[in-house]
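Here's the structure, in structure tokens; my notes come after.
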Amino acid sequence: MAKFYDEIPKSLIEWINNQHMFWVASALLSPDGHVNLSAKGTADSFHVVNSHRVWYQDLTKSGEYRSIFVLNGRITILFNAFEGPPRILRLFGIGTVYECGTEEYESLISPEIRKPGSRAVIAIDVYQCQTSCGYAVPLYDFVARRTELLRVANTEESTDRASDPETRQKGLEAYSARQNLRSVNDLPGLFTTPDSKVTF
């Protein structure tokens with residue numbers, strides 16, 4: 001049976017921190033366009049600040065959900081228990097995007113914890129938390145995290161520092177400028193990152 005809370009219960013924060021992945025959902029206010037749902041599973045990317053505030057590192061590649069909630073702020077985070085007692089947890093909130101190079105981004109992500117390809121902080125003010133039984137979610141054993149995204153991003157960031165302009169076209173900045181300026185709903189994607197002078 002579903003239970004609703006006005007904040008994230010302290011008893012659930014440790015459980016959230018132990019999960020290997022989560023989902024991000026966002027949608028336009030209009031009936032047109034796509035409803036987006038994205039899976040996230042990079043280690044140590046999700047952080048609980050307090051019972052009303054969470055954030056995570058947004059890594060380069062697509063970014064459709066970010067384009068949507070830049071406009072209306074609505075975002076839902078979902079966690080599933082794949083081992084141990086069953087549980088589904090949803091965090092309903094208003095999201096804010098802090099792109100790489102902004103003061104807000106730098107205050108949350110130091111060079112020591114920044115992941116290759118990190119382009120933004122997604123900060124969420126949680127106004128409601130919901131848990132439900134999760135009885136229909138199968139049991140899975142966690143094997144390992146995939147490393148391809150971080151490996152490719154690290155290589156592309158190194159390419160950004162090349163002196164040859166043609167070589168830099170194979171880097172992460174050029175990729176973002178080609179792929180992330182507009183979403184599949186034709187919404188603005190990145191706002192400041194393509195013009196950022198920050199290098200890694």
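The values are calculated or read from the model by the stated rules, or taken from the named source; none is laboratory data. This one's a predicted model, so the numbers in the text were calculated from it and none came from an experiment. Every residue, glycine as well, gets a Cβ built from its backbone with ideal geometry; the counts of neighbours run over all protein chains shown.
Overview of values
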{"read-out": "The stretch 82-96, subset in contact (Cβ under 8 Å) with a residue 60 or more places away in the chain and hydrophobic (A, V, I, L, M, F, W, C), residue farthest from Leu29 (Cα to Cα)", "value": "Phe82"}
{"read-out": "Residues of the stretch 21-54 satisfying the condition of being at pLDDT 95 or above and out of contact with any strand residue (DSSP E or B) (no Cβ under 7 Å at 6 or more places or on another chain)", "value": "Asn50, Ser51"}
{"read-out": "Some residue of the stretch 38-45 being touching a residue at least 12 places away in the same chain (Cβ under 8 Å), acidic (Asp, Glu) and at positive phi", "value": "yes"}
{"read-out": "Test for Arg151: is it among the basic types (Lys, Arg), part of a helix (DSSP H, G or I) and either modelled with pLDDT of 75 or more or in contact with a Phe, Trp or Tyr (Cβ under 6 Å, 6 or more places away or on another chain) (or both)", "value": "yes"}
{"read-out": "Filter result for Val184 (closer than 19 Å to Val24 by Cα, at pLDDT 60 or above and among the aliphatic types (A, V, I, L, M))", "value": "yes"}
{"read-out": "Some residue of the stretch 97-111 being buried (at least 17 other Cβ atoms within 10 Å of the Cβ), modelled with pLDDT under 95 and over 15 Å from the mean Cα position of the chain (by Cα)", "value": "yes"}
{"read-out": "From Val121, Val48, residue being in contact (Cβ under 8 Å) with a residue 60 or more places away in the chain, on the phi < 0 side of the Ramachandran plot and of a type in the set (Val, Ile, Thr)", "value": "Val121"}
{"read-out": "Residue list for the stretch 154-167, restricted to those being among the β-branched types (Val, Ile, Thr) and either modelled with pLDDT of 80 or more or within 14 Å of Lys115 (Cα to Cα) (or both)", "value": "Thr155"}
